[in-house]
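Data block below; observations after.
The values are calculated or read from the model by the stated rules, or taken from the named source; none is laboratory data. As the structure is a prediction and not an experimental result, all values here were calculated from the model. Neighbour counts are summed over all protein chains in view; Cβ atoms, including those assigned to glycine, are modelled from backbone coordinates with ideal geometry.
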Amino acid sequence: MINKTVEIGKYTLGGIWLAPMAGYTDVAFRTLCRSLGAGLTVTEMVSVRGLVRDNAATALLMKTTEAESPSCVQIFGSDPEDFKRAASMLDCDIIDINMGCPMPKIVKNGDGSALLLDAERAGKIVRALVQNTDKPVTVKTRLGYYSGKLAASELIESVADAGASAVTLHGRFAEQRYSGHSDMSVAEEIARRASIPVLYNGDITEADICDEESRINKSDALIGVAVGRYALENPAVFCGGKLDPIEYAERLIGLLTEHYDERYTLNQARKFFVHIFKGVVGGKAVRSAVNCANTLTEVRRALDEAKLALK
Ligand SMILES: Cc1cc2nc3c(=O)[nH]c(=O)nc-3n(C[C@H](O)[C@H](O)[C@H](O)COP(=O)(O)O)c2cc1C
C-alpha cells in the first residue's frame, strides 16, 4: 500500500488523491472517496470567467462540505485578472488550477492545456492568485501540448516561481487526449528536476497502489498519485480494498439524494452504474433497469432484485 504523505501549505494529506473529473466528481462521489481514504478530493473544473460573472451554475459546481475538509476547488481560465478577482470568491481550503484539459472548447480560449504553450502566462495566473489569497495553490498539467514535445518542466518552474505549492502531472501530452499510455518514467524525470513536489496521474489502478514494489511506491521523486477513471470502478482503491457493487451503488445513491434532487441523482446513477456494474454477473439487468427508471424507487427496487440474484 502506498505510504506517502503530501504537504500542501499547512495541510498534511494522504498521498492518494481523487483526480477531478467533470460530470463525476460532485460532492456525493467526492464524499464517498474521502470516506474510503482519498487524501484529497478535487471538484471538477470551474470557469473563473463564470465565477467573476456570478454564474449560479458555477457556484453549484464549487459546493464542498465539511466531510472533505480540506476542500479543493479546481478552476480554469487564462486571464490573470480573472484569477485575481476570483481569489476572494473561492470558498475552499486549497485552490487547484487546470493547465491540462485538452478539449478544443477549452484550448481555443487559451485555457487548460493551452497554457503549456505559454509558461509565462501560467506563472502570471498563479501569481495573481497567490498574491490575493492565503490559500495554497496547486496546478494540474500534462507532459506537454504537442505529442513528444515536453513542456511540463518549463511550466512547473514558472508556476513554482510564482508560488504554487505542488503540481499533479498527467503522463500524457494534450494532443493525445486520453489515448496511448500515460508515461510514468518521463513524469518521474520531470519530477526529479522540479523545485516543487510533483504527484503522478494517469492510468493508476489498485495494482500500482497495493504492490509494495510498484514503480510509484518505489519512486522517491513522485510524492503521491491522483486516481481518475479507475476510482469510478473502485472507489475503495484509496484504501487498497474493493467495494461490493451493490454497496457501492447504495452508498452513492444515499449521498446523491443527500445533496441533490431526484432528477440529478437518476442521471448520475445512470452514468455511474456503467462503471459500478462493469463485468459484474447480473450487472446488465441493473444497468438497463436504471436506464429506464423514472424514479429512485425503481432504481432501489432494481438494486434489491440484483441483491437477491447475486446471493
Ligand atoms: C470524464 C472525465 C472528466 C475529466 N475532467 C477533468 C477536470 O474537470 N479537470 C481536470 O483537471 N482533469 C479532468 N479529467 C482528467 C483526469 O483528472 C485525469 O487527469 C485523467 O483521466 C487521467 O487519469 P486516469 O488515467 O487516472 O483517469 C477528466 C477525465 C475524465 C475521464
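Before moving on, here are some points about what is shown:
- Single unsatisfied condition, THR65 versus (1) within 15 Å of the ligand (Cβ to nearest atom); (2) touching a Ser or Thr at 6+ places or on another chain (Cβ under 7 Å): (1)
- In the range 167-185, the residues that are assigned to a loop (DSSP other than H, G, I, E, B) form Cβ pairs under 6 Å with partners that are within 8 Å of the ligand (Cβ to nearest atom), at six or more places apart or across chains, as follows: SER182/ARG172; SER182/GLY202; SER182/ASP203.
- Total residues in the range 15-35, condition touching a strand residue (DSSP E or B) at 6+ places or on another chain (Cβ under 9 Å) and free of Cβ contacts under 8 Å to residues at least 40 places away in the same chain: 4
- In the range 34-54, the qualifying residues are those that are within 20 Å of THR168 (Cβ to Cβ) and aliphatic (A, V, I, L, M), and the one that is surrounded by the fewest Cβ atoms within 10 Å (Cβ to Cβ) is LEU36.
- Filtered residue count, the range 126-153, keeping only those that are in a helix (DSSP H, G or I) and within 22 Å of MET21 (Cβ to Cβ): 1
Each row is one residue, and each column tells you yes or no for (1) surrounded by 15 or more Cβ atoms within 10 Å (Cβ to Cβ); (2) in contact with a Lys or Arg (Cβ under 6 Å, 6 or more places away or on another chain); (3) among the hydroxyl-bearing types (Ser, Thr, Tyr).
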position	(1), (2), (3)
ALA56	no, no, no
ALA59	no, no, no
PRO70	yes, no, no
ILE75	yes, no, no
PRO80	yes, yes, no
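- Selected residue (criterion: farthest from the ligand (Cβ to nearest atom)) from residues of the range 229-244 that are in contact (Cβ under 8 Å) with a residue 60 or more places away in the chain and closer than 29 Å to THR295 by Cα: LEU243
- Qualifying residue in the range 152-166 (condition: among the charged types (D, E, K, R), within 12 Å of the ligand (Cβ to nearest atom) and assigned by TED's automatic domain parsing to the domain that holds THR133): no
- Matching residues in the range 239-297 - criterion: being at pLDDT below 95, charged (D, E, K, R) and more than 30 Å from LEU13 (Cβ to Cβ): LYS284, ARG287
- Verdict on ARG30 being of a type in the set (Lys, Arg), farther than 25 Å from CYS239 by Cβ and either surrounded by 21 or more Cβ atoms within 10 Å (Cβ to Cβ) or over 12 Å from the mean Cα position of the chain (by Cα) (or both): no
- Qualifying residue in the range 225-237 (condition: in a loop (DSSP other than H, G, I, E, B) and either in contact with a strand residue (DSSP E or B) (Cβ under 6 Å, 6 or more places away or on another chain) or under 23 Å from PHE273 (Cα atoms) (or both)): yes
- Taken over the range 187-207, the criterion of being of a type in the set (D, E, K, R) and modelled with pLDDT of 95 or more is satisfied by GLU188, GLU189, ARG192, ARG193, ASP203.
- If you filter the range 186-211 down to residues that are hydroxyl-bearing (Ser, Thr, Tyr) and either in contact (Cβ under 8 Å) with a residue 40 or more places away in the chain or within 12 Å of the ligand (Cβ to nearest atom) (or both), you find that the one that is farthest from PRO136 (Cα to Cα) is THR205.
- Selection status of GLY37, more than 14 Å from the ligand (Cβ to nearest atom) and under 19 Å from LEU255 (Cβ atoms): yes
- Residues in the range 1-14 that are in contact with a Pro (Cβ under 7 Å, 6 or more places away or on another chain) and either on the phi < 0 side of the Ramachandran plot or free of Cβ contacts under 8 Å to residues at least 40 places away in the same chain (or both): VAL6, ILE8, TYR11.
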